[in-house]
Amino acid sequence: MPEKKMILISMMLAILLSHLLFGCHSSSPTTEDYYQEGLKYKSQNAFQQAAEQFRLALSLNPHHADSHRERGIVLCHTQNYRQAVKHLLRAQQYGDVSYHVASWMGYAYERLKKWNLAEHFYQEALKRAPTLIDIRLRLADLFEQQNKRQNAAEILLEALALKPDIESADFLQHRALLLQQPQSQEIHQELADLYIRHGDMTRGIYEYRQAQSLEDDNPDDVLEFAIFCLNREQYASALNYFQQAESLGHSAQPDVRAGLGVAYEQLERYEDAVREYRTVLHLEPQWHELHLKIAELLKKLHKPLEAADELEHLYSLSLHTPQSPLGTGIFPDANQLWAEILRLRSETLDKAVVYIQPSQYYPVVHATVNTTISVTLLVEEDARYTILSERLAQSLGIHITSRTSDVQFYVDGQRYSAPLINLPSLKVGGLEVRNIPTVIWDLSRYPGIDGFLGKSFLKHFQVEIKNAERLFILTKFSS
């Protein structure tokens, strides 16, 4: 019996020992394990971790070409180009003759500014994969870097021939065309324009400097280049150069402040843009467009009351300007401006502010009859009824018959009699009154107006006339 127990115990120990030995063997990572883990990290752009996994793979198998290639690639991503070259060369030495190795070799040498070696390996990559587009574009850049412009143009045209629908085809075609031309100030200027519009600031600045002066310590040069960038929608670069011009002594120039404002606005730095535009207005008070711009930015900043105040300030300025900008170009007319001010102040439902038009004969306001017909009315607070002209009544399709009642009314102290009708709708600003007792009368003696705005309409509102500000204000009575 004891002997049987000993045999069983020995068998169990043997089984446990075999499992232990098997487990230790299976848990040891292989070159392939480290390599696959490195690829996983690389796919996640975790390049430092990937490089370490490939290093571990190579510690087990120094001749593993794939690990040398991949370690070289991730070292390029971490900008360790010298070490990258070593591993890429070893990958090639150990049998990897793919275009990937050659193209990354070209890239690493390019970053190390070893142009001839970079060119050699890019050309080698094209031999191994003749239809590569991206390598051709890099090679074109490299040729241009070395002032081999004809070579650059030729390889750009090759890329376009291989893939006519390539992204930025128009840019590449134009670039190739310019690079084929003999170098001149005009060609350099065109290339500067092309590159900067495309966002290639390095080449753009180089070509710009070949065409005209750009001294970093010359405020006029810097300002001119800032405007050049701004006009080509390169707002971050424009901002940088406007700030340089400012630091070089151009801080009080309206062009600098306005340029800063535009750049900040396009970069969605609205608070900064508002600040710069207000600085411009301090320097150039007649630059009225900026009030509209500031108001728009304040809306984007969710500051409607400040935006309304800015527009009201614009209105006040327009009253003291020999030729008011309102209603011209980009400017709304006075009534549109006040409608927006009221909207921003959430007063649209309770208030109307209407511009009193300076006419040849009388101060008048615009109104809308029956929701569609625009009319010009003289405000007559003493008139009992609103009055419309016979001519307007005909255009509205109002028919006066023998059954239409006449009423007596007074105008300028004189008593008159005329038909009285019920007008369906009259709207001043955003405020409307329906079913208004309205007199139809011959107004030929009052040229330039369509009628009088009388008490039958005005009684529904608190009325305020600000003659100095040329404003007619209606406010609903609080219920």
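The values are calculated or read from the model by the stated rules, or taken from the named source; none is laboratory data. Note that this is a predicted model, so its numbers are computed, not measured. Here the Cβ is made from the backbone with ideal geometry for all residues, glycine too, and neighbour counts use every protein chain on show.
Some observations on this one:
- Of the residues making up the range 457-473, just one is crowded, with 22+ Cβ neighbours inside 10 Å and either farther than 25 Å from residue 340 by Cβ or within 44 Å of the chain's Cα centre (by Cα) (or both), namely 472.
- Those strands (runs of 3 or more DSSP E) of the range 310-429 in which at least 1 residues are among the β-branched types (Val, Ile, Thr) and over 24 Å from residue 295 (Cβ atoms), considering only elements entirely within it, cover 363-369, 373-379, 386-389, 406-411, 414-428.
- Residue 176 falls short on exactly one of the conditions (1) in a helix (DSSP H, G or I); (2) surrounded by fewer than 19 Cβ atoms within 10 Å (Cβ to Cβ), and that condition is (2).
- Residue within the range 440-458 that is β-branched (Val, Ile, Thr), assigned to a strand (DSSP E or B) and touching a strand residue (DSSP E or B) at 6+ places or on another chain (Cβ under 6 Å) present: yes
- Candidates 177, 230, 172 - the one that is among the hydrophobic types (A, V, I, L, M, F, W, C), more than 26 Å from residue 114 (Cα to Cα) and in the same structural domain as residue 117 (by TED's automatic domain parsing): 177
- Within the option set 137, 132, 142, 126, being outside any helix (DSSP H, G or I) and closer than 16 Å to residue 104 by Cα holds for one residue only, 132.
- Helices (runs of 4 or more DSSP H) fully within the range 235-289 that include at least 3 residues being β-branched (Val, Ile, Thr): 270-283.
- Residue count for the range 344-364, restricted to those that are out of contact with any helix residue (DSSP H, G or I) (no Cβ under 9 Å at 6 or more places or on another chain) and buried (at least 21 other Cβ atoms within 10 Å of the Cβ): 1.
- Single residue of the range 365-402 satisfying the filter (under 46 Å from the mean Cα position of the chain (by Cα) and not aliphatic (A, V, I, L, M)) that is surrounded by the most Cβ atoms within 10 Å (Cβ to Cβ): 366
- Lone unmet requirement of (1) out of contact with any helix residue (DSSP H, G or I) (no Cβ under 8 Å at 6 or more places or on another chain); (2) part of a helix (DSSP H, G or I); (3) over 14 Å from residue 238 (Cα atoms) for residue 160: (1)
- Only one of 280, 274 that is free of Cβ contacts under 8 Å to residues at least 60 places away in the same chain, in contact with a Phe, Trp or Tyr (Cβ under 8 Å, 6 or more places away or on another chain) and β-branched (Val, Ile, Thr): 280
- Residue in the range 391-414 that is closer than 27 Å to residue 464 by Cα, charged (D, E, K, R) and outside the structural domain of residue 295 (by TED's automatic domain parsing) present: yes
- Test set (1) out of contact with any Asp or Glu (no Cβ under 8 Å at 6 or more places or on another chain); (2) surrounded by fewer than 16 Cβ atoms within 10 Å (Cβ to Cβ); (3) in a loop (DSSP other than H, G, I, E, B) - residue 213 fails condition number: (1)
- Residue match in the range 108-122 (condition: more than 18 Å from residue 81 (Cα to Cα) and surrounded by 17 or more Cβ atoms within 10 Å (Cβ to Cβ)): no
- Pairing each residue of the range 27-55 that is surrounded by fewer than 17 Cβ atoms within 10 Å (Cβ to Cβ) with any residue that is not hydrophobic (A, V, I, L, M, F, W, C) and not in a loop (DSSP other than H, G, I, E, B), provided the two are 6+ apart or on different chains, yields C-beta distances under 6 Å for 49/41.
- Every residue from the range 232-273 that is crowded, with 16+ Cβ neighbours inside 10 Å and small (Gly, Ala, Ser): 237, 238, 245, 258, 259, 261, 263, 273
- Selection from the range 77-97 of residues that are in a helix (DSSP H, G or I), surrounded by fewer than 21 Cβ atoms within 10 Å (Cβ to Cβ) and in contact with a Phe, Trp or Tyr (Cβ under 7 Å, 6 or more places away or on another chain): 77
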